[in-house]
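Asks: Just passing along the structure, written as structure tokens.
The values are calculated or read from the model by the stated rules, or taken from the named source; none is laboratory data. Since we're looking at a predicted model, the values are computed, not measured. Neighbour counts are summed over all protein chains in view; Cβ atoms, including those assigned to glycine, are modelled from backbone coordinates with ideal geometry.
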Amino acid sequence: MLARRTTAARASEGEAKPRSLVHIAALVLVWITFATSGIVFSEPCPTDILALGVMVLLPVIGLVRIPKLLALFLMLWAAMTSAGLISAIFAEDTSKALTHTLVSFFLGGFAFTIAGFVAMRPLAHTRLIFNGLTVAAVIAALAGIAGYFSLVPGGAELFTKFGRASGTFKDPNVFGPFLVPSMLYAVHYALQGSLRRALPPLLLAGLLALAVFLSFSRGAWINLVVSAGLYLGLAFLTAPCNGRRQKIALLALLCAAVLGGVVAGALQNDSIASLVSERASVTQSYDVGPEGRFGGQEKATALILDNPLGIGAAQFAPFYHHEEAHNVYLSTTLAMGWLGSGLYIIAVFSTLALGLRQCFKRTPWQPFVLIAFATFAANAAEGIIIDSDHWRHFYLLMALIWGAACASTVERAAATQAVVSTAGKRFSAVFTTRAPRSFSRRQMVR
């Protein structure tokens, strides 16, 4: 019967409960891994050690589902790693190139594990991940704000870089984008209840938005605007009723007003106003000229054309230019050659395609897919102006999208199997009940 759902269907809806202490410990480890993911003063960071434990533990205890679609994801990253290893042959510093390439594969492997974890129970596991990530974002944001305004002794030296809030990150340009998914997660909860209940999550979203603003990262500002616009637009289009659409429109206006108020209030500070004026310009002094950012990108393009197999990862800054290319698509081409870069672009665009498709599917975890897709799309676009190939939250967002897509595939297959099974049983029942009737009729004729 269709009413009798399969174990896989129940698991995909998050109904199955932890059955052992090991199971509970694994879920706690996952939460801690993401709750500490904002502490990146240096690399490797604490969350990398925890991530390694997650990659070992989850498959061993059966908390990872690996359908064919997810196997394709792993093959894609394995092929990219192979291309990077080939490029490392031509590197000036082979050991550095190998290390960078293997770290990329490690992050891809972690994304594969988390995607399988999400595919197992998408609603419960995605909520667990976002809860941990939000804790990390709040800690990082509070540290950044405290450091910028010198609210704690020594905070300015520890939690700011170049006069910009960096929180618990070593780079303000990574700190800002990291906060955006959690900000949208808070907005999601503001949409769930009454306006009175929406106040705490909106205050949380405002806190995170202020921290993004104080990072003074042009990429982070664009990331925030694009992510919020995509999320609210998709939430409006996929809303189940007009009442929800009206609430989304009202909340969008409220968020814009709050954000405008936060910015206007911050601009009352002279030092903030002068830094905003400086950072808001399209180009900076370090962007132009042969040794600037654009000049470096011209050098990177020339190297790409001359080296189809690449020059090896992490070789451009130390040997060809004084800084990185500030474009992840150029950097991956230098690191993995034309083939590896093509595979990376395929991975990004296939993630976007899968995410957009999942955004319009009515599932219990649809709101989380909207957040993951909106922020992933913004990060992919920001990659044009920054090197994001080792951003951990970028891989997490990718994992959430692939995990949700795999869960939908498993659920659809389970539903199809249930329909076929039910139809077969009904056909068999008709056949077995009609045969005796025809036999008895022939007996009556005789």
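Asks: Among the listed residues 400, 334, 356, 396, which satisfies the condition of being modelled with pLDDT of 95 or more and surrounded by fewer than 22 Cβ atoms within 10 Å (Cβ to Cβ)?
Replies: 356
Asks: Yes or no: the range 170-185 includes at least one residue that is at pLDDT 95 or above, β-branched (Val, Ile, Thr) and in contact with a His (Cβ under 7 Å, 6 or more places away or on another chain).
Replies: There is no residue in the range 170-185 that is at pLDDT 95 or above, β-branched (Val, Ile, Thr) and in contact with a His (Cβ under 7 Å, 6 or more places away or on another chain).
Asks: Go through 161, 96 for me and flag whichever is basic (Lys, Arg) and free of Cβ contacts under 8 Å to residues at least 60 places away in the same chain.
Replies: Numbers: 96 fails: free of Cβ contacts under 8 Å to residues at least 60 places away in the same chain.
None of the other options fit; the residue is 161.
Asks: May I ask you to verify whether residue 90 is more than 17 Å from residue 65 (Cα to Cα), more than 19 Å from the chain's Cα centre (by Cα) and surrounded by fewer than 21 Cβ atoms within 10 Å (Cβ to Cβ)?
Replies: Here the answer is yes, as residue 90 does meet what is asked.
Asks: Then there is this: Taking only the range 54-77 into account, find how many residues are within 20 Å of the chain's Cα centre (by Cα) and in a helix (DSSP H, G or I).
Replies: Number satisfying all stated conditions: 12.
Asks: Show the residue pairs meeting these rules: Cβ distance below 8 Å; 6+ apart or different chains; first residue within the range 27-46 and closer than 16 Å to residue 182 by Cα; second residue among the charged types (D, E, K, R) and not in a loop (DSSP other than H, G, I, E, B).
Replies: Final answer for the pair search is 37/392.
Asks: Turning to a different aspect of this structure: Any idea how many residues of the range 188-207 are in contact (Cβ under 8 Å) with a residue 60 or more places away in the chain, assigned to a helix (DSSP H, G or I) and either touching a strand residue (DSSP E or B) at 6+ places or on another chain (Cβ under 8 Å) or under 16 Å from residue 252 (Cα atoms) (or both)?
Replies: 3
Asks: Can you tell me which residues in the range 337-353 are surrounded by 20 or more Cβ atoms within 10 Å (Cβ to Cβ) and polar (S, T, N, Q)?
Replies: 341, 351
Asks: Just wondering, is there one or more residues in the range 341-363 that are hydrophobic (A, V, I, L, M, F, W, C), touching an Asp or Glu at 6+ places or on another chain (Cβ under 7 Å) and over 30 Å from residue 245 (Cα atoms)?
Replies: Of the range 341-363, the ones hydrophobic (A, V, I, L, M, F, W, C) are 343, 345-349, 352-354, 356, 359-360.
If we keep only those that are touching an Asp or Glu at 6+ places or on another chain (Cβ under 7 Å) as well, we get none.
No: the range 341-363 contains no residue that is hydrophobic (A, V, I, L, M, F, W, C), touching an Asp or Glu at 6+ places or on another chain (Cβ under 7 Å) and over 30 Å from residue 245 (Cα atoms).
Asks: Part of a loop (DSSP other than H, G, I, E, B), aliphatic (A, V, I, L, M), modelled with pLDDT under 95 and buried (at least 20 other Cβ atoms within 10 Å of the Cβ): does that describe residue 325?
Replies: It is true that residue 325 is part of a loop (DSSP other than H, G, I, E, B), aliphatic (A, V, I, L, M), modelled with pLDDT under 95 and buried (at least 20 other Cβ atoms within 10 Å of the Cβ).
Asks: Another question, then. In this structure, does residue 181 turn out to be surrounded by 23 or more Cβ atoms within 10 Å (Cβ to Cβ), under 19 Å from residue 404 (Cβ atoms) and not hydrophobic (A, V, I, L, M, F, W, C)?
Replies: Spelling it out, residue 181 is indeed surrounded by 23 or more Cβ atoms within 10 Å (Cβ to Cβ), under 19 Å from residue 404 (Cβ atoms) and not hydrophobic (A, V, I, L, M, F, W, C).
Asks: How many residues does the range 94-105 hold that are more than 14 Å from residue 398 (Cβ to Cβ) and surrounded by 19 or more Cβ atoms within 10 Å (Cβ to Cβ)?
Replies: Qualifying residue count for the region: 3.
Asks: Take residue 101 and decide whether it is part of a helix (DSSP H, G or I), closer than 20 Å to residue 37 by Cα, of a type in the set (S, T, N, Q) and modelled with pLDDT of 95 or more. Don't jump to the end; show me each part of the working.
Replies: Values: part of a helix (DSSP H, G or I): yes; closer than 20 Å to residue 37 by Cα: no; of a type in the set (S, T, N, Q): yes; modelled with pLDDT of 95 or more: yes.
Taking the combined requirement at face value, the residue does not satisfy it.
Asks: Something else: I'd like to verify a number: residues in the range 299-311 that are surrounded by 15 or more Cβ atoms within 10 Å (Cβ to Cβ) and among the charged types (D, E, K, R), how many?
Replies: So the answer is 1.
Asks: Same structure, new question: Looking at residue 124, is it surrounded by fewer than 23 Cβ atoms within 10 Å (Cβ to Cβ), at pLDDT 95 or above, in a helix (DSSP H, G or I) and in contact with a Gly (Cβ under 8 Å, 6 or more places away or on another chain)?
Replies: Details: surrounded by fewer than 23 Cβ atoms within 10 Å (Cβ to Cβ): yes; at pLDDT 95 or above: yes; in a helix (DSSP H, G or I): yes; in contact with a Gly (Cβ under 8 Å, 6 or more places away or on another chain): yes.
Here the answer is yes, as residue 124 does meet what is asked.
Asks: Any residue in the range 234-253 that's modelled with pLDDT under 85 and part of a helix (DSSP H, G or I): show its pairings with residues that are surrounded by 13 or more Cβ atoms within 10 Å (Cβ to Cβ) and of a type in the set (Gly, Ala, Ser) at Cβ separation under 7 Å, as long as the two are six or more apart or on different chains.
Replies: Every condition considered, the pairs that remain are 251/190.
Asks: Continuing with this model, one more query. Of all residues in the range 305-322, which are farther than 15 Å from residue 386 by Cβ and part of a helix (DSSP H, G or I)?
Replies: Within the range 305-322, 305, 306, 318, 319 qualify.
Asks: Something else: Restricting to the range 368-385, what's the tally of residues that are crowded, with 24+ Cβ neighbours inside 10 Å and over 14 Å from the mean Cα position of the chain (by Cα)?
Replies: Result for the range 368-385: 0.
Asks: Condition first: more than 23 Å from residue 45 (Cβ to Cβ) and in a loop (DSSP other than H, G, I, E, B). Now tell me which residues in the range 360-390 satisfy that.
Replies: 360, 361, 362, 363, 364, 365, 384, 385
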